[in-house]
Amino acid sequence: PALGTAEESVTDVEISLILDNSGSMGWNNNYRLNLLKPAAEQFIDTVIKEDSAGIVSVSLIPFATQVNAGPALLSQFAASAEHAYSDCVTFAGTDFASAALSPTQPLTRTGHFDVFTYDAPVDTQGVVCPFEESRHIRPWSTDKVALKAQIAAMWAGGNTSIDVASKWGAALLDPAARPALSGLVGEGVVDSALTGQPFDYGRSNTMKVLVIMSDGQNTAQY
């Protein structure tokens with residue numbers, strides 16, 4: 001007699017999920033955004049399982065003209081402090097030579113201004129760095145309910161900066177960001193089960209994944 005069994009397992013997986021929130025996603029009554037949202041939510045359900053033997057984290061990165069890191073994440077980096085209205089940074093060309101973004105590297109905070117309208121005071125839909133929470137990066141999350149709720153709240157508006165979003169996505173997978181994750185664990189923002197992430201490149205039984213959902217190519221970034 002013989003007996004066989006099948007087993008499905010998952011390794012430690014680090015994911016950056018980059019989602020386009022630019023204005024073109026809202027054309028034709030949000031036609032493209034309404035395609036993106038269920039696809040992204042299904043992706044979350046697929047990768048985060050309650051009975052997973054491994055550790056899966058997802059960094060959710062919405063983008064349009066800019067990427068708002070959110071106050072919690074940006075507090076772990078050395079951003080300039082000209083204002084506290086929003087939490088975008090302006091990368092230099094040389095920043096794209098490496099995936100790494102060290103928490104000690106000086107970063108220039110993006111100005112708080114509205115290039116599209118004449119609204120005064122500026123509102124969240126006009127500024128290059130919208131400050132609504134649905135536009136904040138949700139770093140290293142294991143909470144599928146919170147991730148899917150943020151996806152559901154996304155709205156379309158702004159230009160398309162896939163390069164800036166990809167920089168953040170790669171940075172949150174790079175081991176150089178580990179002190180930032182540790183800091184957020186200490187503040188109760190990130191699950192302590194993720195301590196040690198982002199893991200070193202080449203670590204056994206570890207996978208790093210960057211996913212971009214977008215409808216087009218880069219446009220202007222002010």
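State in Å² the accessible area per residue of the chain; use a 1.4 Å probe, count heavy atoms of protein chains only, and round to the nearest integer.
Counting only protein heavy atoms, the per-residue value for the chain is 49 Å².
Summarise the accessible area of the stretch 1-117 (1.4 Å probe, protein heavy atoms) by the percent that is carbon and sulfur.
54
Give me Rg over Rh for the stretch 92-222, both radii from the alpha carbons and Rh done the Kirkwood way, two decimal places. Please list the in-between numbers first.
Working: Rg = 16.5 Å, Rh = 16.9 Å.
Here the Rg-to-Rh quotient is 0.97.
Just tell me the longest site-free run in the chain, where the sites are GluC sites (Glu not before Pro) in a DSSP loop having at most 12 other beta-carbon atoms within 10 Å.
83-186
Please give the charge dipole size of the chain, origin at the Cα centre, charges +1 on K and R Cβ atoms and -1 on D and E Cβ atoms. Round to the nearest 20 debye. Don't jump to the answer; show the numbers that get you there.
Details: 12 positive and 24 negative charges, 45 e Å.
About 220 debye.
For Glu133 and Ala6 in one chain, what is 0.36 nm times their gap in residues minus the Cα-Cα distance, to one decimal in nm?
Additional length available on full extension: 41.5 nm.
So what's the gap between the Cα centers of the stretch 68-91 and the stretch 157-214, to the nearest angstrom?
After rounding, the separation between the Cα centres reads 16 Å.
Ignoring everything except DSSP H segments at least 4 long, calculate the 222 nm mean residue ellipticity for the chain; use -39,500 (n - 2.57) per segment, divide by total residues, nearest 500.
-7000 deg cm²/dmol
In Å and whole numbers, how far do the C-alpha atoms of the chain stretch along each principal axis, longest first?
Projected onto the principal axes, the Cα atoms of the chain cover 79, 43, 31 Å.
Taking 0.36 nm per residue of separation and subtracting the Cα-Cα distance, what length does fully extending Asp123 through Ala220 add? Don't jump to the answer; show the numbers that get you there.
On the way: separation 97, 0.36 × 97 = 34.92 nm, distance 1.99 nm.
Roughly 32.9 nm would be gained on extension.
What is the gain in length, in nm to one decimal, between Thr108 and Ala149 on full extension, counting 0.36 nm per residue of separation less the C-alpha to C-alpha distance? Walk me through the intermediate numbers first.
On the way: separation 41, 0.36 × 41 = 14.76 nm, distance 3.03 nm.
Additional length available on full extension: 11.7 nm.
Ordering Asp12, Asp20 by how much accessible area each has at a 1.4 Å probe, largest first, what is the list?
Ranked from most to least accessible, the order is Asp12, Asp20.
Could you derive backbone 3J(HN,Hα) for the stretch 163-180 from the dihedral phi with the Karplus parameters 6.51, -1.76 and 1.60 (θ = phi - 60°), listing whole Hz in sequence and x where the residue is Gly or Pro?
So the J values, rounded to whole Hz, are 5, 5, 5, 5, 4, 5, x, 5, 4, 7, 9, 8, x, 4, 8, 4, x, 5.
First select every other residue whose beta carbon is under 12 angstrom from the beta carbon of Thr108; then total the charges, Lys and Arg +1, Asp and Glu -1. Intermediate values should be presented prior to the final figure.
Numbers: positive: Arg109; negative: Glu82, Asp95.
Surrounding charge for Thr108 is -1.
The values are calculated or read from the model by the stated rules, or taken from the named source; none is laboratory data. Being a predicted model, the structure only gives us computed values, none of them experimental. Don't worry about glycine lacking a Cβ; one is built from the backbone with ideal geometry, like all the others, and counts go over all protein chains shown. Quick note on the areas: whole protein, heavy atoms, side chains included, nothing else; ligands and nucleic acids left out. Shrake-Rupley method; radii C 1.70, N 1.55, O 1.52, S 1.80 Å.
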